[in-house]
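Novice: Following this message is one structure expressed as structure tokens.
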Amino acid sequence: MDKIVRYSLAELGQTAVNLQLKMAEYETISLQLFVNKEFNAILENFVDTENSFSNNAIHKSLETCFNEYMTNNKDLLGFMFLSYLDNERSIVVTKDFQKEFIGFKSGFKGTNAFSNIMKADGGIVWSNAIKVNQNNYVILGRLIKRLSNGKPLGVLAIIVDEDKIDQLVNLTIYNDLNNSLNGIENYSLIINRKGEIISSPFKEDIGTSISQITKNITPGKPHGSFIVDVNHKESLVTYKTIGSKIEIGGRNGWYLINLAHTSFLYEERQKVAVTILILGVVFGVLAVWISFYTPKMIYSEPSRNSYQQ
């Protein structure tokens, strides 16, 4: 089992690196906009301008900016900017479900995600999963402040499809075209500190809690493993913290978890043992055949030469 744990942790570590690189792409976009004084000035004008004609022109300018980022990064679903004081001075630009996200923004200020973004005071915050039009998304948000006086201007949010994250951390499952999720006994998911599922191949589980996992995670330990019952099945759990530029998983704390039912692991180990046994028998037979055949060849060669003489 120790070898299986070491292998699982090594594989999980590589997956974590891939995920962190993808998260860093989104965080870099957020940072680029955050430090861009021209962009911030446009946002400030968008919020303050009373003239509807001028405001429409600024709106178009922001749309163009967001669309350019979405063109250059196919995994980006969209952007939202929500004015701190005036909901009417907000903008939503998405590749899909534009109408649904416009409806979502009106209630976004009442969510924990918005509250956490405000508390972060300009720092990066990754939200828990949110559901829009029966699909799951995560939001990378940060507070934008006024250039003139440093007061809150609004929240800039990048919308990421949870499917993109899931496909990255479960690459093996999705690369196998014949692989159905039915009967999958080895897969990865992302949870926060409280055990709430952020991303999973089983979409119905997203947003639910698996506290039996988080209570076994050693605080401050970046990775580890343990065996616990999950959905009434004994499972090997390996975990790794997801780092970001701010803290582990931004300010929310994410863990990359791999779940493997122990019955699956024993079955795989048995398959390997049987394969090794079969190969051993084959090579053993081959060795015996060579040991008999080679002396015969050596013996027959001089005889053939003698006959020719």
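The values are calculated or read from the model by the stated rules, or taken from the named source; none is laboratory data. Given the structure is predicted, the values throughout are model-derived calculations rather than measurements. Glycine gets a Cβ as well: all are built from the backbone with ideal geometry, and neighbour counts include every protein chain shown.
Novice: Of everything in the range 142-167 that's within 20 Å of residue 206 (Cα to Cα) and in contact (Cβ under 8 Å) with a residue 60 or more places away in the chain, which residue is surrounded by the fewest Cβ atoms within 10 Å (Cβ to Cβ)?
Specialist: 164
Novice: Which condition number in (1) more than 24 Å from the chain's Cα centre (by Cα); (2) in contact (Cβ under 8 Å) with a residue 12 or more places away in the chain is the one that residue 107 fails?
Specialist: Of the numbered conditions (1) more than 24 Å from the chain's Cα centre (by Cα); (2) in contact (Cβ under 8 Å) with a residue 12 or more places away in the chain, the odd one out for residue 107 is (2).
Novice: Which residues, taken from the range 227-252, are at pLDDT below 80, part of a loop (DSSP other than H, G, I, E, B) and either within 18 Å of residue 169 (Cα to Cα) or under 22 Å from the mean Cα position of the chain (by Cα) (or both)?
Specialist: Residues satisfying the conditions are 244, 245, 246, 247, 249, 250, 251, 252.
Novice: Okay, moving on. Residues that are touching a residue at least 24 places away in the same chain (Cβ under 8 Å), touching a Leu at 6+ places or on another chain (Cβ under 8 Å), outside any strand (DSSP E or B) and not aliphatic (A, V, I, L, M): does the range 168-178 have at least one?
Specialist: No.
Novice: Kindly provide the set of residues from the range 118-136 that are within 14 Å of the chain's Cα centre (by Cα) and surrounded by fewer than 23 Cβ atoms within 10 Å (Cβ to Cβ), ordered by number.
Specialist: 128, 129, 136
Novice: Pick out the one residue from 154, 150, 224, 207 that is over 23 Å from residue 11 (Cβ atoms) and part of a strand (DSSP E or B).
Specialist: 154
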